[in-house]
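J.: Below is the structure I would like to discuss, written out as structure tokens.
Laboratory data are not the source of any read-out in this text; all were calculated from the coordinates shown. Owing to the predicted nature of the structure, the values given are computational and were not obtained by experimental measurement. Using ideal geometry, Cβ is built from the backbone for each residue, glycine included, and neighbour counts are taken over all protein chains shown.
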Amino acid sequence: MSAFVGIVALSGRPIDREVEERAARALARLGNGRTRVSRGEAGLFIEHNGQRDRPAPIQTAPSPRPTLFAALARLDNREELGDALGLARPELAQTPDTALLQHMFERWGDTGVARCLGAFAFAHWDAAMRRLTLGRDCLGNRPLFYHRGSEFIWFATSLGVLLAVPDVPRAINELALAQFLAVNNGNERQTFYRGIERVLSRTLVTIDPQGTRHRRYWSPDLDAPPPYRRDEDYVERARELLDIAVASSTRDTPQVAIATTGGLDSSAIAATAARQPFTKQITCLCLVPPLGTAIDVGRFRYLDERDKVRELGRMYPRLDIQFVSPDSIHPKAYDDTRHFARLHLPVFHAASTGVGFHLTDAVVAGGHRTLLIGNYGNFGLTWWGPLAVLELFRARQWTACLRELRAIARENDQSLFRALAANLVVPATSPQMRRLIYRLRGRNPDSVAQHSALNPAFVAETGLARQWRKEGFDPWFGPRDSNPRRWRAYRLFDHQQYARDVRGAAEEVYGYEIRDPHGDRRLLEFVLSVPEPMYRRDGVQRAFARRVLADRLPPAIFKERRKGAHAPTWFRSLDARRKDIAEDIERLQASAVASHLLDLPRLKRLIDQWPKDANEAERRGGEFRLALARGVHVGHFIRWVEGGNA
């Protein structure tokens, strides 16, 4: 894998050999590869290219000032950037993405970075100005962390590398970990370690003797007028941009691997890749439960992806469909420390990791360097349109509003009154009124107990509930904003910084890069401009995506109204570890931090209230899949950081 680490001294103090050796030893944890050291006045950058990486040289563009520059970059609009910089095509072909990014930043600053599309993180040291600038792409596809100490500022693209530096503290940030347990995935600079901050997506961080400043270098234009009048024009443009997005994600990966389901997002990627001539081999890896699995996942979900993915394969014979059906518990499911040793973070879906390891093994066994996923579709192209009725109401389209409410009631087999409440009244209410509605329905508007093992005493002691109200965090996950564009933009570009770190570190952890064509910024900017009522029409959610993808997906997929069940066999893995989990909870009592942060008595009660089978576990997923599994996993992480035996 590739990574960089650096150190600068704002005081102008030279970086001595001892400090350089500390940085080199930290980077050595990434294994063999080529290392390039750049020294400057009061600064030192070390870049690492793993042996598996392409042999493109790292270049530095000339600068009128003494500067250092390092980056991880994969740019999707090279030709556009080359034209802006006046580079002829032969010169552009010899210019690495890192050098293009440096040119754009040094020539135009923030606006230059904003023009760069793709995945990147960079560091720039201007010794004359004593100014360090750290930057990250708009979706945070590449991680970047930093620590400001008393003498030096350390930064790295790998959290493990940064923590390996003796000068960087390795102490748990309890408040950040509490927010993780509460699933308050807001716009947070703080990591799970005290003194280590992250560079947020679409952000530049400038550090100089005057202080530290964070600024967004780009934002979508949410007030732009609608680009088209006809629905057909929106559909056609979305198809064009999806084609561009998939082509950009696969331009350097002729052998494509896709984590495929029967849903719209990943199947759209597979179908689009199959329609493009330059992909030589396309492997669709589909995680499915063992044959004969019988779990009641409810009327709005389906258990098995096989039939739909087979239909996709029949439509596109080029696709190599491979079903991954684990019939045993993965050995790594029993040992969280293997994960912590690579990522230095806990995982969000702890109950599902045992199943996910089998998919990871299949990617590695196939020799794939990149895995395509479709996560950004949910708030992008395949947005479900929950505020469509509210938008019709605000536009005073009364007839259309009433017609849509009736269609929603029919689609969901509910009364018109309930459809009105869920799709018009609740989304339009203020946070204060929503809290009152929760209380009238018997819900505590400040409680996260339905999905979290966070200790209520810790919440009270730290005033977290008051902070949540101030931030607008809703523990019951109602609409964050009644403006669909603002809500979606927040989810796409700012929400869950932690998850962006994890995705960006995939190569370090799993050995392959993760890319999401649905996260192409050109596509996202466009789908944010699509009128909300197009996303939900005649009561059908994701109506716009269904129209867009009807030209490339089989009816079994684009007409399906239900959702696929995510890792439906999660309880089997949890059940196999019941005795170990009970023992783990007892051991966690020896940790002051774990006892302070986690509701250990509740976790013990859940062990005593164990579900009798997978069907009961599915009905109590909030308690066992979320609160118990994630709580114990976070406890393991705390003990691991403390040096205890998890």
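J.: I need the per residue convex hull volume for the stretch 388-491, using only the alpha carbons, in cubic angstrom as a whole number.
T.: Numbers: hull volume 13.1 nm³, N = 104.
Considering the Cα atoms of the stretch 388-491, their hull volume per residue is 126 Å³.
J.: In the chain, what % of DSSP beta bridges are antiparallel (nearest 5)? Could you put the intermediate results ahead of the total?
T.: Details: 55 of 73 bridges.
Counting only bridges with both partners in the chain, antiparallel ones make up about 75 percent.
J.: Could you give the length gained by full extension between D252 and N173, i.e. 0.36 nm per residue of separation minus their alpha carbon distance, to one decimal place?
T.: Details: separation 79, 0.36 × 79 = 28.44 nm, distance 3.91 nm.
Separation in residues times 0.36 nm, less the Cα-Cα distance, equals 24.5 nm.
J.: Right, next: Based on the Cβ-Cβ distance from E21 to L416, what FRET efficiency comes out when R0 is 51 Å, to the nearest 0.05?
T.: Working: r = 72 Å, r/R0 = 1.41.
Calculated value: 0.10.
J.: From the phi angles alone, apply the Karplus equation (6.51, -1.76, 1.60; θ = phi - 60°) to the stretch 199-210 and give each ³J(HN,Hα) in whole Hz, x where the residue is Gly or Pro.
T.: Once rounded to whole Hz, the list reads 7, 6, 4, 6, 9, 10, 10, 10, 10, 8, x, 7.
J.: Next question, about the same structure. Rounded to the nearest angstrom and ordered from largest down, what semi-axes does the equivalent ellipsoid of the stretch 2-216 get from its C-alpha gyration tensor (root of 5λ)? Walk me through the intermediate numbers first.
T.: Working: eigenvalues 141, 84, 62 Å².
For the stretch 2-216, the ellipsoid semi-axes come out as 27, 20, 18 Å.
J.: Could you pull the Cα extents of the stretch 444-546 along its three principal axes, largest to smallest, in whole Å?
T.: 46, 43, 21
J.: Using the Kirkwood radius over C-alpha pairs as Rh, can you work out the diffusion coefficient of the stretch 331-444 via Stokes-Einstein at 10 °C, viscosity 1.306 mPa s, in µm² per second? Don't skip to the end; give the middle numbers.
T.: Details: Rh = 18.7 Å.
Taking Rh from Cα pairs, D becomes 85 µm²/s.
J.: If you average the alpha carbon positions of the stretch 351-388 and of the stretch 121-171, how far apart do those two centres end up, in angstrom?
T.: A separation of 29 Å, based on Cα centres.
J.: Turning to a different aspect of this structure: What is the total of Lys pairs in the chain with C-alpha atoms under 21 Å apart, excluding same-chain pairs fewer than 8 positions apart? Don't skip to the end; give the middle numbers.
T.: Details: K308/K559; K308/K563; K332/K579; K579/K604; K579/K612; K604/K612.
Qualifying lysine pairs in the chain: 6.
J.: I've got another one for you. Under 8 Å for C-alpha pairs, at least 6 residues apart: give me the relative contact order for the chain, rounded to a whole percent. Mind dumping the intermediate values first?
T.: Values: 1121 pairs, mean separation 105.5, N = 646.
The normalised contact order for the chain reaches 16 percent.
J.: Counting only helical runs of four or more DSSP H residues, what would the 222 nm mean residue ellipticity of the chain come to if each run contributes -39,500 (n - 2.57) and the total is spread over all its residues? If you can, show how the numbers build up before the last one.
T.: Values: 30 runs with 261 residues, N = 646.
Helix contribution divided over all residues of the chain: -11000 deg cm²/dmol.
J.: Label R306 and R194 with points 7 Å out from Cα along Cα→Cβ: what is the distance between them in nm?
T.: For R306 paired with R194, the spin-label model returns 5.3 nm.
J.: Something else about it: Within 10 Å of each residue's Cβ, count the other Cβ atoms and sort S11, S150 from fewest upward. Before the final figure, lay out each step's value.
T.: Numbers: S11 10, S150 5.
Least crowded to most crowded, the residues run S150, S11.
J.: If each residue of separation counts as 0.36 nm, what is the full-extension length gain between R318 and Q397 once their alpha-carbon separation is subtracted? Intermediate results must be reported in sequence, preceding the final value.
T.: Details: separation 79, 0.36 × 79 = 28.44 nm, distance 4.63 nm.
Length difference between fully extended and current span is 23.8 nm.
J.: Here's something else I'd like to know. Filter the trypsin sites (Lys or Arg not before Pro) in the stretch 587-646 down to the DSSP loop ones having no more than 13 other Cβ atoms within 10 Å, then list what survives. Present the calculation step by step, with values, prior to reporting the outcome.
T.: Values: sites: R587, R602, K604, R605, K612, R619, R620, R625, R630, R639; in loops: K612, R620.
Loop-located and lightly packed - K612.
J.: Select one label from (1) 164; (2) 419; (3) 198: the one whose number is volume of the Cα convex hull per residue in Å³ as derived from the coordinates shown.
T.: Given (1) 164; (2) 419; (3) 198, the calculated one carries the label (1).
J.: Normalised by the residues of the stretch 577-642, what does the relative contact order come to in percent, with Cα pairs under 8 Å and at least six apart?
T.: Details: 30 pairs, mean separation 28.9, N = 66.
Rounded, it is 44 percent for the stretch 577-642.
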